Structures are given as C-alpha cells and as structure tokens.
Amino acid sequence: MAAFSARQLRQIDASPPPTKPEAHDDELERLRRVAAEPAAPAVSRVVIAGVVRAIETALIVLTGVAIYFLYIVRNVGAQPGYLAVTIGVAAMAIVVFQSSHVFSAPAFRNPSRALFRIAGGWTLAFLVVFAGMFFLKLDGALSRVWMATWFLVGFGALAVERVILAQFVAL
C-alpha cells in the first residue's frame, strides 16, 4: 500500500471535483425556471374523500326526498316515515361504501371499478331495509314504487357523480 501523509490527504479532500462550470450554470438556471412556474394548489386526499362522502350523502338524501315529494306526497300525502328511511339508508350506504374503500384515490380515478362496489353497497343498504320490513311485518309501510324508483335514480345519480369526479380529480 502506498503511504500518504496527512498533508496529502487534506489537499485531496480540499480540491473541488472537476466539473464544467457551464453545465452547472445551465442546470441551476433550469431549476430556477421550474421553481418559477406556477403550481396548482394541492388538496389533501383526506379532504377530497370527505367532500366526496358529503356530496354522495347529499345525493342519496336528495334523490330519496325528491322522489318522496314527487310520488308519495302527491299521491298519498305527507308520510314522515319515508324521511326517516331516507336518512337511514343514506347513512347505511355511506358506511358500506366506506368499508368497501370507494372513498380512496384509486376509486376516484377509476370509476368503473368503484361503481361495482357502489352498486353492491347500494343494493346491500336496500336489502337491509327490505329485510327489516319483512321481519317487522311492515310490508305496506313503504311504497315499493318509491323504493324501486329511488334505487334506480339514486344509483344513476351516484354513477354520474363518479364519472364527473374522475374527470376533475387527478391524484
């Protein structure tokens, strides 16, 4: 092995690595240009998921209430039980949607996969209501036309909302 003195090691350490000054200046200028470009403000994924959750809850409630007023109130009169069922189904659907991970970034980007999960959760929420009606012997308590119409219109509204969301969300 070659013997080195401490002085020789300090000289090797102190000398800067050989670089081309032009390349360094060009790189620095490029970085300054990139830093000066305007950037879109970032929004947290958690915030986006919360907003989507709120929008979907509102869509579910609004479609149920709209069909209630258009069909039930017009034909039978006000029935407060429908509003309670509407809120219950909305809460149940959102809980099922959350457990099936439809409020995640990949689900926002790919609505086709998320819509299968949403369809399953939406169907499960209605099946729970039907089971409750059956076991509590409340067969005539809710209109089947209202339930079927709300099921179809509600899912259609959720599907349209997810397709629009996929166009605007780039996570």
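The values are calculated or read from the model by the stated rules, or taken from the named source; none is laboratory data. Quantities reported herein were computed from a predicted structural model and do not represent experimental measurements. Cβ: placed from backbone, ideal geometry, glycine included. Neighbour counts: every protein chain shown. With ligands, DNA and RNA removed, areas are computed over all heavy atoms of the protein, side chains included. Shrake-Rupley method; radii C 1.70, N 1.55, O 1.52, S 1.80 Å.
Would you mention how many residues in the range 135-171 are of a type in the set (S, T, N, Q) and loosely packed, with under 11 Cβ neighbours inside 10 Å? Spell out how you get there, then give the answer.
Going residue by residue through the range 135-171, those that are of a type in the set (S, T, N, Q) are 143, 149, 167.
Checking which are loosely packed, with under 11 Cβ neighbours inside 10 Å leaves us with 167.
Here the count works out to 1.
Restrict the check to the range 84-95 and report whether at least one residue is open to solvent by 40 Å² or more (accessible area, probe 1.4 Å), free of Cβ contacts under 8 Å to residues at least 12 places away in the same chain, under 16 Å from the mean Cα position of the chain (by Cα) and within 30 Å of A42 (Cβ to Cβ). The answer is yes; a qualifying residue exists. Within the range 1-46, can you find the residues that are surrounded by 10 or more Cβ atoms within 10 Å (Cβ to Cβ), at pLDDT 80 or above and either under 23 Å from V160 (Cα atoms) or in contact with a Pro (Cβ under 8 Å, 6 or more places away or on another chain) (or both)? Listed by number, the list holds a single entry, R45.
For the range 66-80, enumerate the residues that are within 16 Å of M133 (Cβ to Cβ) and either among the hydrophobic types (A, V, I, L, M, F, W, C) or in contact with a Leu (Cβ under 7 Å, 6 or more places away or on another chain) (or both). Give the derivation first.
In the first step, residues of the range 66-80 are kept if they are within 16 Å of M133 (Cβ to Cβ); the result is 72, 79.
I72, the sole residue that qualifies.
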